[in-house]
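Quick note: the coordinates plus some simple rules give every number you see, no bench work behind them. Everything quoted here is computed from the prediction, not taken from an experiment. Note that each Cβ is placed from the backbone with ideal geometry, even for glycine, and that neighbours are counted across all protein chains shown.
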Amino acid sequence: MYEFDIKSMTCGHCASTVEKAIKAADPEASATIDLTARTARVQSKLEPAAIKAAIEKAGYPSSFKHI
């Protein structure tokens, strides 16, 4: 499980966009978006760098922390 801090995620549309970006990178990923905490918890077969790149390609800078 990976957690990403996404400080620029400020609304429901942002959260939806982040979730779609994660699912586009790995359709089998499980993503839990917490808009209040501005985090995304992701269970994926991909490396965290690939998930981070997908989130950032969608326009949301993020930082990764392993949990």
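Dividing the Cα radius of gyration of region 1-53 by its Kirkwood radius returns 0.92 for Rg/Rh.
Hull volume per residue, based on the alpha-carbon atoms of region 23-67 and their convex hull, is 76 Å³. What does the charge count around Ala53 come to, taking other residues whose C-beta lies under 13 Å from its C-beta (Lys +1, Arg +1, Asp -1, Glu -1)? My count for the surroundings of Ala53 gives -1. Placing a label point 7 Å from the Cα of Thr10 along the Cα-to-Cβ direction, the residues of region 27-53 whose backbone N falls under 19 Å from that point are 34-40. Overall, the chain carries a charge dipole of about 100 debye about its Cα centre when +1 sits on the Cβ of Lys and Arg and -1 on the Cβ of Asp and Glu, all other atoms neutral.
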